[in-house]
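Laboratory data are not the source of any read-out in this text; all were calculated from the coordinates shown. All values derive from a computational prediction rather than experimental measurement. We place every Cβ from the backbone using ideal geometry, glycine too, and count neighbours over all the protein chains shown.
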Amino acid sequence: MSIGNNIQLAIELLNSNKLVAIPTETVYGLAANAFNESAVLSIYKTKNRPQFNPLIIHSNSIERFEQWGLQIPKQVKLLANKFWPGPLTFIIPANNKVPDIVTAGTGAVAIRVPNHPVTLSLLEQLSFPLAAPSANPSGFISPTSAQHVENQLGDKIDYILDGGVCQVGVESTIISFLENEPKILRFGGLAIEEIEEVLGHRLITNITSNKIVAPGMLTKHYAPNHPLFLVDDIFKATEGKDMNRVGVITFYQSVNDIPEANQFVLSKSKDLNEAASKLFAVMRNIDELDIDEIYAEKFPNTGLGYAINDRLKRASIQE
Ligand code: AMP
Ligand code: MG
């Protein structure tokens, strides 16, 4: 295994149904030829991902998905024209070109055009879409740099295409278009408010961040080794604790008495996009400290705050 920026090598490997980790603006993906069952099967094996949890397929334009025979609903076209390439995934009816192993037998497929120059160039040169879940062992923190991928899966994959640090830093927002009304399945890197503005109606009214029903999104995820508590009031929650033994993740403020090294402020300027981009790297760093517990404060439920709260909530589930 090696890390590099050789797109031609990535193409050769993918053409021979090997796995390549690819950069995107959200997180690094573990990619394989989506039309080849055995290549896709090795994604599941490598990640130890349950096969009932379907994969997103990626290409470089909406037209290519159409060329593969997928019927793109009108509203999807509207949103794709506005937000692709970008951190937005659509669930639409699949066709028989998409293997069951990609859709987990649901008859529906998730499609996305990621916004990263290296990966767009790669996708353009391939004759198939790439199935690519996040490049981490199932249940752990998603990678936002090539080094994160190397640390977790380096010995299991043929090549890591290095595209630098992921700019958005949380996974894509997922919307299902299988029913009459579009439905949010996952809060992610594109703010719901922006989508609502284009659709001309609210999406968020019927959903709360702990009621997402994408398969595989219901259990513990992004699991740190230390217990993580998601709290309303970080000051109250840490009161009376041995300050040397706790780590804190906050939005913009620091918590007096806790050693500097144990504090991770995600955005001093209160920018939720900046906070999201740092979240996963911070979760990795804080987990390496010699502490007993991690406390994270709830973020505002607006913009990328929904996605941040969702990831912290999953990280906080104790099994
Ligand atoms: P990951 O790429 O690791 O972020 O995971 C992809 C996410 O997309 C998972 O939460 C899947 O459950 C969801 N997903 C992918 N395909 C489908 C589908 N056909 N129907 C519903 N959800 C899907
Ligand atoms: Mg994932």
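Based on the Cβ-Cβ distance from Asp290 to Asn53, what FRET efficiency comes out when R0 is 25 Å, to the nearest 0.05?
Taking R0 as 25 Å, the efficiency between Asp290 and Asn53 is 0.15.
Please work out whether the range 217-277 counts as rounded, prolate or oblate from its C-alpha gyration tensor, where a ≥ b ≥ c are the square roots of the eigenvalues and a/c under 1.5 means rounded, while otherwise a/b larger than b/c means prolate and anything else oblate?
On the way: a/c = 1.84, a/b = 1.11, b/c = 1.66.
It is oblate, given that a/c is not under 1.5 and a/b is not larger than b/c.
How would you classify the range 261-319 from its alpha-carbon gyration tensor, with a ≥ b ≥ c the square roots of the eigenvalues: rounded for a/c under 1.5, else prolate if a/b is greater than b/c, otherwise oblate? Could the numbers behind the result be given before it?
Values: a/c = 2.18, a/b = 1.32, b/c = 1.65.
Verdict is oblate for the range 261-319.
Restricting to DSSP loop positions (anything but H, G, I, E, B) with no more than 14 other Cβ atoms inside 10 Å of their own Cβ, which trypsin sites (Lys or Arg not before Pro) remain in the range 1-91?
Details: sites: Lys18, Lys45, Lys47, Arg64, Lys74, Lys77, Lys82; in loops: Lys18.
Within the range 1-91, no trypsin sites (Lys or Arg not before Pro) qualify (loop, at most 14 other Cβ atoms within 10 Å).
Would you please give the residues with an amide H less than 5 Å from that of Glu293, counting only those at least 5 places away or on a separate chain, with H modeled from the backbone geometry?
It is Gly247, by chain and number.
Can you pull out the GluC sites (Glu not before Pro) in the range 269-304 whose DSSP state is coil and whose Cβ has at most 12 other Cβ atoms within 10 Å?
Values: sites: Glu274, Glu288, Glu293, Glu297; in loops: Glu288.
Passing sites in the range 269-304 are Glu288.
Non-local amide H neighbours of Val265 (under 5 Å, H modeled in plane, Pro and chain starts lacking H): which ones?
Thr250
For Ser61 and Ser16, FRET efficiency with R0 = 30 Å and r from the beta-carbon atoms, rounded to 0.05?
Numbers: r = 25 Å, r/R0 = 0.82.
Efficiency, rounded to the nearest 0.05: 0.75.
What lysines could a cross-link reach from Lys268, if we take a straight Cα to Cα line under 24 Å and drop same-chain neighbours fewer than 8 places away?
Output for Lys268: Lys236, Lys278, Lys298, Lys313.
Using just the helices of the chain, give the 222 nm mean residue ellipticity in deg cm²/dmol: DSSP H runs with n ≥ 4 each add -39,500 (n - 2.57), and the total is spread over all residues, rounded to 500.
Details: 11 runs with 97 residues, N = 319.
So the calculated ellipticity at 222 nm is -8500 deg cm²/dmol.
Hey, can you grab everything whose amide H is under 5 Å from the amide H of Phe299? Only 5+ residues off in sequence or another chain; H modelled, so Pro and N-termini drop out.
Close amide H contacts, sequence-distant or interchain: Asn309.
Taking the Cα centre of the range 163-207 as the origin, how large is its charge dipole in debye, to the nearest 20, when only Lys and Arg (+1) and Asp and Glu (-1) carry charge on their Cβ atoms? Don't jump to the answer; show the numbers that get you there.
Working: 3 positive and 7 negative charges, 28 e Å.
Value, rounded to 20: 140 debye.
Would you mind classifying the range 215-319 by shape? Square roots of the alpha carbon gyration tensor eigenvalues, ordered a ≥ b ≥ c; an a/c under 1.5 is rounded, otherwise it is prolate if a/b is larger than b/c and oblate if not. Don't jump to the answer; show the numbers that get you there.
On the way: a/c = 1.65, a/b = 1.18, b/c = 1.40.
Oblate.
Provide the per-residue ³J(HN,Hα) series for the range 48-62, in order, calculated from phi with Karplus coefficients 6.51, -1.76, 1.60 and θ = phi - 60°, each as a whole number of Hz, with x at glycine and proline positions.
Couplings: 6, 9, x, 6, 7, 9, x, 10, 7, 9, 10, 8, 9, 7, 5 Hz.
Would you please give the FRET efficiency between Asn151 and His201, computed as 1/(1 + (r/R0)^6) with r the Cβ-Cβ distance and R0 = 45 Å, to the nearest 0.05? Display every interim value, and only then the final one.
Values: r = 43 Å, r/R0 = 0.96.
According to the calculation, E is roughly 0.55.
Per 10 Å bin, what is the whole-percent P(r) computed from every C-alpha pair distance within the chain?
Result, from short to long distances: 6, 27, 34, 22, 8, 1, 0 percent.
Cβ under 13 Å from Leu9's Cβ, Leu9 left aside: what net charge do those residues give with Lys, Arg +1 and Asp, Glu -1?
Working: positive: Lys18; negative: Glu12, Asp158, Asp162.
Result for the neighbourhood of Leu9: -2.
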